[in-house]
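The values are calculated or read from the model by the stated rules, or taken from the named source; none is laboratory data. This is a predicted model, so every value here is computed, not measured. Cβ placement follows ideal geometry from the backbone for every residue including glycine, while neighbour counts extend to all protein chains displayed.
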Amino acid sequence: MRKYLTYLKGDPVIWIITLLMMAFSLVTVYSFVPILVKIEGGTPFHYLFKHFIYVVIGFSSIYIIHRIDSKYIAQITKFGYYLALALLFFTMAFGAKVNGAERWIKIPFIGLTFQSSDFAKLALMLYVSKILVRKKDLLNDWKKGILPLMIPIVFICILILKDNFSTAAMLFLLMMLLLFIGKVPVSKLIIMGIGGILLVVMAIGVHKAIPQLNLLPRFETWQNRLTNKMSDETNVLDNAQAMDAKLAIHNGSFLGQGVGDGKLKNYLPEAYADFYYASYVEEFGSILSVFLILLYLILLYRIIRIALNAESLFETYAALAIGLHLLAQACINMLVCTGVFPVTGQNMPFLAMGGSALIMACVSIGVIQSFAVKQSKKSSAFEMEKEVADD
């Protein structure tokens, strides 16, 4: 392992955890896709091969980006933000509809799909981190300091909100936490939070007053999930999924049913993604589920270390935002599967069946490793200078 890690710069622990999870995802995806085979046809190997392509793309993304100097990452944040806006607008106009939501862009000829909101989340985190550094002395001024931070957050969250309330809400809360870390006054954060709630309420009001606009096409689904009323077919399905997920966790007990021997994955429509944790516990048991949680916590710890050791405030803010985002996704998936949160669409980073979520999680790790490479180079240079001085 050490021999191969010499080709991979940056934090070795992050490399090991990320590669371990992606390799393990090949096993679980092959095991968790029976329901997809029933619904869409094909064979488990077909979906495994498709996921393998995403894993290869993901690993390549980490490797390429971690070799890029972090200063160049900071320089392209504005371009990334405007590209994210363009992709979101394109998705609204020409996006492919899957499970009742127009969130995906179909890539021609190769049959793969890309969810523009996954790119938008990372682009926004990096862009806001850059603005926070630039405006750090103006955070008491609404016009010069706060509005330049809020405008990009509001634009991205509103564009995502139409088809993905949970992602928009999570991203908005994450941005508020990042602004808090960036020392934005709490009073202003409270006002911004209230403003965000009022915007959502206003959108709901317009949707109900002028239904022909279809401003929030998935509003009824969100409402049913939040109120947990079995009043229509959609919510019956959501409640059935939640019950099956909890039953799968119960069946897993301490040691699990064994790889490939889980039963509830045959009934959970998103056993390989939104209900990944439930399928995982059923087959691998609660003991290994604790180990999985520990891996995510170690990953977050290593990212926080890189953030705190960074010389640039941009790197600190960006690394913290990325680490918290990855952990938040994993936590939401677990909380949905255990029945604490209503059914929503957040999967397990690096483990759920591949796509844009896996690729962008890998891109995020590539950014983190780029920061780590810069730190290791400076550390090596310092040690060499110290040795020369001692001689």
Exercise for the section: Considering each residue of the stretch 326-383, count those that are modelled with pLDDT under 85 and β-branched (Val, Ile, Thr), and give that number. Expected result: 3
Fill in the blank from the handout: Counting only residues in the stretch 296-327 that are in contact with a Lys or Arg (Cβ under 9 Å, 6 or more places away or on another chain) and over 19 Å from residue 180 (Cβ atoms), the one surrounded by the fewest Cβ atoms within 10 Å (Cβ to Cβ) is identified as 311
Handout entry: Failed condition for residue 301, given (1) under 19 Å from the mean Cα position of the chain (by Cα); (2) in contact (Cβ under 8 Å) with a residue 40 or more places away in the chain
Key = (2)
Exercise for the section: Hand me the list of helices (runs of 4 or more DSSP H) wholly inside the stretch 111-199 holding 2 or more residues that are more than 19 Å from residue 325 (Cα to Cα). Expected result: 116-134, 147-161
Problem - Number of positions in the stretch 38-56 that are part of a helix (DSSP H, G or I), exposed (fewer than 15 other Cβ atoms within 10 Å of the Cβ) and not acidic (Asp, Glu) - result: 7
Exercise for the section: Assess whether residue 293 counts as being assigned to a helix (DSSP H, G or I), within 19 Å of residue 178 (Cα to Cα) and of a type outside the set (Ser, Thr, Tyr). Expected result: no
Problem - Cβ-Cβ under 8 Å pairs, at least 6 apart or on other chains, the stretch 126-152 side on the phi > 0 side of the Ramachandran plot, far side aromatic (Phe, Trp, Tyr) and part of a helix (DSSP H, G or I) - result: none
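Results for (1) under 25 Å from residue 311 (Cβ atoms); (2) modelled with pLDDT under 90; (3) more than 20 Å from the chain's Cα centre (by Cα), shown as yes or no for each residue.
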residue: 30; (1), (2), (3): no, yes, yes
residue: 37; (1), (2), (3): no, yes, yes
residue: 57; (1), (2), (3): no, no, no
residue: 99; (1), (2), (3): no, yes, no
residue: 103; (1), (2), (3): no, yes, no
Practice task
Taking the residues in the stretch 270-291 that are surrounded by fewer than 21 Cβ atoms within 10 Å (Cβ to Cβ) and of a type in the set (A, V, I, L, M, F, W, C) as candidates, determine which candidate is nearest to residue 29 (Cα to Cα).
Solution key: 288
Handout entry: Restricting the stretch 181-231 to residues that are within 22 Å of the chain's Cα centre (by Cα) and small (Gly, Ala, Ser), the residue that is modelled with the lowest pLDDT
Key = 196
Exercise for the section: Please work out which residue is farthest from residue 153 (Cα to Cα), limiting yourself to the stretch 105-137 and to residues that are surrounded by 14 or more Cβ atoms within 10 Å (Cβ to Cβ), hydrophobic (A, V, I, L, M, F, W, C) and at pLDDT below 90. Expected result: 112
Handout entry: Residues that are in contact (Cβ under 8 Å) with a residue 40 or more places away in the chain and among the small types (Gly, Ala, Ser), drawn from the stretch 40-60
Key = 58
